[in-house]
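The values are calculated or read from the model by the stated rules, or taken from the named source; none is laboratory data. Just so you know, these numbers come straight off a predicted model, no measurement behind them. FYI the Cβ positions are ideal-geometry reconstructions off the backbone, even for glycines, and counts take in every protein chain you see. Ligands, DNA and RNA are excluded from the accessible area calculation, which covers all protein heavy atoms including side chains. Shrake-Rupley method; radii C 1.70, N 1.55, O 1.52, S 1.80 Å.
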Amino acid sequence: MVDTPRAVAEAAARLAGGTGPLAVDAERASGFRYSNRAYLLQFRRAGAGTVLVDPIPVADDLAPLAAVVNPLEWVLHSADQDLPGMADLGLRPASLFDTELAGRLAGFDRVGLAAVVERLLGLELQKGHGADDWSRRPLPESWLNYAALDVEVLVELRDAMAAELDSQGKTDWAAQEFEHIRLAGPPKPKPDRWRRTSQIHSLKSPRQLAAVRELWRARDEIAARRDIAPGRILPDSAITAAAAANPMSVDALRALPVFGGPRQRRSSRVWLQALDRARSLPDSELPPVTQPFTGPPPAGRWARKHPEAADRLAAARAGLSALGEQVRVPVENLLTPEVVRRLCWDFVPADHAGENLDDLTAFVDASLVAGDARPWQRQLTAPVLATALGGPTAGRRHP
């Protein structure tokens, strides 16, 4: 375990003496901690062996490691999960190969690390500790062995996967996708995250939703301050139960499930104050029952609100599904569903009257550029979507 500045420098020197790409993985503590930080880093390179780094005590001492690993090609499985935490530590790859995404582009039905390793290398990976609390210290020896195995054959897997992609003519597709992930950065927080509270759909009034929002915010503040997963502070089920019951006193709150437990009793005033804030809000500040949206509404509502758009979306989905089967790529990897929905919803047939299929294809391609689609995606999908927009259902008038 590398956990001192001197050990970091020695590990960097070992990895610098290796050759070829660098296998990389990181272990987080999802479900245990609020943050998405990395609690263990794993590196392996030919000629250098495997290095396990505890980033917690050496977070400010990783410059020698960054100087060696940042110029290299990194091989990760499901890179978008690990890259943000690595970037927080100053570790960023010069290029990238994602074996999970490569499996999707290759048309594999199962793309978990164990599944693709078994399929391409004929090896079986040990299972066990992926969902454990990697923030605990000291880490058990069996956990460290498990972590080391995650990078043991990643470079071999990369080479086998690259050969598979080459045989299918998808090497350039993969390169574009890898670069997109490398440069993407962390995902943007979604608005109104409190609306993702479990069982919230059982609540029907704006006042009840306000109670959920205030309880969620109070919990989130505590969770962030203590770096504990929100569900371990207060489960979602307790939030919706309190919002529905609307307890007016500490005793009434503690009579509800969960709130009467020893851990929650200490925070009773915090939760009751959150409920009081919701009760005191004027009607103008209550959240709407239906989540507001800036883009197209949920597709299930299109047939009633905008039937022509519903026809276009059905035609687009059918065309993309057939294309996905033809090229052996999942539809969601051909284009993000949101890009397809927005295109079909916003398209105005009258604005394109008299245009031929080439004109429509050029219009679609420009829309896909705005939606951050990669060149290979645009080349494949623009003609399909243009046909869907200009087909016999595009201008249909429904009664």
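Miscellaneous remarks
- Selected from V289, V68, V53 as most flexible by GNM, with the chain as the system and alpha-carbon contacts under 10 Å: V289
- Distances between placed amide hydrogens fall under 5 Å for G20 paired with no residue 5 or more residues away or on another chain.
- Each peptide among 90-97, 125-132 gets the average number of other Cβ atoms lying within 10 Å of its residues, and from highest to lowest they stand as 90-97, 125-132.
- Volume per residue of the C-alpha convex hull in the range 1-142, rounded to whole Å³: 120 Å³
- The chain: Cα Rg divided by the 2.2 N^0.38 Å rule of thumb: 1.20
- Mean separation of Cα contacts under 8 Å, 6 or more apart, over the residue count of the chain: relative contact order %: 14 percent
- Near the amide H of F259, within less than 5 Å, lie no amide hydrogens of residues on another chain or at least 5 residues away, with H placed in the peptide plane.
- For the range 149-306, the fraction of 1.4 Å probe accessible surface lying on carbon and sulfur atoms is 52 percent.
- Cβ-placed point charges (K, R +1; D, E -1), dipole of the range 274-395 about Cα centre in debye, nearest 20: 400 debye
- Which of Q264, L335, A362, positive extreme of dipole for the range 248-384 (C-beta unit charges): Q264
- A dipole drawn for the range 1-76 from +1 and -1 charges on Cβ atoms has a positive end, and of A9, V24, P55 the residue lying farthest that way is V24.
- Protein heavy-atom surface of the range 63-123, 1.4 angstrom probe: 49% of the accessible area is carbon and sulfur, with nucleic acids and ligands not counted.
- Whole-angstrom gap from the range 81-117 to the range 255-301, using each part's C-alpha centre: 37 Å
- Overall form of the range 123-196 per C-alpha gyration tensor (a/c, 1.5; a/b vs b/c): oblate
- Per residue, the chain exposes 50 Å² of solvent-accessible protein surface, assessed with a 1.4 angstrom probe and all protein chains in place.
- Cα gyration tensor shape for the range 66-198, rounded if a/c is under 1.5, else prolate or oblate: rounded
- Highest mean packing first, where packing is the average number of other Cβ atoms within 10 Å per residue, the peptides 154-162, 211-219, 265-273, 357-365 line up as 211-219, 154-162, 357-365, 265-273.
- Taking all Cα-Cα distances within the range 230-363, those exceeding 21 Å account for 63%.
- For the range 164-287, a Kirkwood hydrodynamic radius built from all Cα pairs, placed in the Stokes-Einstein relation at 10 °C and 1.306 mPa s, yields a translational diffusion coefficient of 95 µm²/s.
- The range 41-149 - share of DSSP beta bridges that are antiparallel (%, nearest 5): 55 percent
- From phi via Karplus (6.51, -1.76, 1.60), per-residue ³J(HN,Hα) for the range 190-202 in Hz, x at Gly/Pro: 7, x, 6, 4, 4, 5, 8, 4, 4, 6, 5, 5, 7
- Evaluated with a Cβ-only charge set (Lys, Arg +1; Asp, Glu -1), the range 163-207 carries a dipole of roughly 820 debye about its Cα centre, given to the nearest 20.
- Taking the Cα centre of the range 219-320 as reference, the dipole from Cβ charges on Lys and Arg (+1) and Asp and Glu (-1) amounts to some 320 debye.
- The peptide list 311-321, 296-306, put in order of mean Cβ contacts within 10 Å with the highest first, becomes 311-321, 296-306.
- Helices in the chain, meaning DSSP H runs of at least 4 residues, each add -39500 (n - 2.57). Divided by all residues, the mean residue ellipticity at 222 nm is -16000 deg cm²/dmol.
- The value obtained for the range 316-380, namely the Cα convex hull volume divided by the number of residues, is 88 Å³ per residue.
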